[in-house]
1. Which loop trypsin sites (Lys or Arg not before Pro) in the range 1-91, with loop taken from DSSP, have no more than 13 other Cβ atoms within 10 angstrom of their Cβ?
2. Of the heavy-atom accessible surface of the range 59-144 (probe 1.4 angstrom), what whole percent is carbon and sulfur?
3. Per residue, what accessible area does the chain have, given a 1.4 Å probe and all protein chains present, in Å²?
4. Give me the net charge of Pro52's neighbourhood, meaning all other residues with Cβ under 15 Å from the Cβ of Pro52; Lys, Arg count +1, Asp, Glu -1.
5. Could you state the angle between the C-alpha long axis of helix 71-80 and the longest principal axis of the C-alpha atoms of the chain, as a value from 0 to 90 degrees rounded to the nearest 10?
6. Mind running the shape call on the range 29-90? Use the C-alpha gyration tensor, a ≥ b ≥ c as the square roots of the eigenvalues: rounded below 1.5 for a/c, prolate if a/b tops b/c, oblate otherwise.
7. Would you look at the GNM of the chain, springs on alpha carbons closer than 10 Å, and say which of Ser42, Ser168, Ser51 moves the most?
8. Scanning the chain for GluC sites (Glu not before Pro) in DSSP loops with at most 11 other Cβ atoms within 10 Å, what's the longest stretch left with none?
Amino acid sequence: MIVVGASTVRNEGYGPPRPNREHAAAREAAGQRPVPVIAVVSRSLAVDFTSPLFTEAIVPTIVITCEQARPEGLEAAAKYGDVILAGRDRVDFALALDALAERGLTRQLTEGGPHVLAQIAASGRLDELCLTIGPLLTAGPADRILAGPTLTPPQPMHPISLLEEDGSLFARYVRPERDRTTQSTT
Ligand SMILES: NC(=O)c1ccc[n+]([C@@H]2O[C@H](COP(=O)([O-])OP(=O)(O)OC[C@H]3O[C@@H](n4cnc5c(N)ncnc54)[C@H](OP(=O)(O)O)[C@@H]3O)[C@@H](O)[C@H]2O)c1
């Protein structure tokens, strides 16, 4: 399943995942749904619930929000999605990820963006990080891959694989305490 912040959904025009014939047998053998579930994190609920992400999803899209969200937003979200209330004024990511796990969604991949990723890391739930480094020089101000309050203390990560294709580097890191178990499965 994929957890994604509402800004990323808005900026990238997120649609629902489509089944992939190449992966269908492997997903079925692993007891997975034909496509991953998407969970959108939002407080404002300024999300287009009539978009294909909600209306054409093969498995219902989840909305993760908080108790103080606008009642009319909550009503719209509940009409098209499966709503999780995790926290009072804002989403508490530890509560949210636990609620997903209670629905059987224990393998949680986050797409970010940086604000969501930072909070997942701060909640102590970021076990792995997949980081792509593209062969392109750019300039100008930019957020870090974790945006928001400083992560204190910084979280050490251990690199376990580095792949290259067409000049892009695909790095995978795990938390040091998970290193031994993860290496045995890669
Ligand atoms: N390079 C990459 O691989 C990559 C990956 C992902 C995203 N991106 C880019 O990153 C940008 C967006 O990233 P971002 O960091 O600005 O935004 P984001 O993390 O995608 O989403 C932030 C939004 O999520 C909701 N949210 C976050 N924390 C919350 C909390 N604790 N409680 C309730 N709601 C919460 C809020 O939505 P509401 O405003 O609706 O309340 C907030 O505005 C986009 O331009 C996207 O294209 C790049």
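1. Arg88
2. Looking at the range 59-144 in its full context, I get 52 percent from C and S.
3. For the chain, the solvent-accessible area averages 64 Å² per residue.
4. Values: positive: Arg10, Arg18; negative: Glu12, Asp48, Glu56.
It works out to a net charge of -1.
5. So the inclination is approximately 70 degrees.
6. oblate
7. Ser168
8. The longest uninterrupted stretch comes out as 68-186.
The values are calculated or read from the model by the stated rules, or taken from the named source; none is laboratory data. Not measured: the values here are computed from a predicted model. Positions of Cβ are generated from backbone atoms using ideal geometry, with glycine treated the same way; all protein chains shown enter the neighbour counts. For the accessible areas, the whole protein counts, side chains as well, though only heavy atoms, and no ligand, DNA or RNA atoms are used. Shrake-Rupley method; radii C 1.70, N 1.55, O 1.52, S 1.80 Å.
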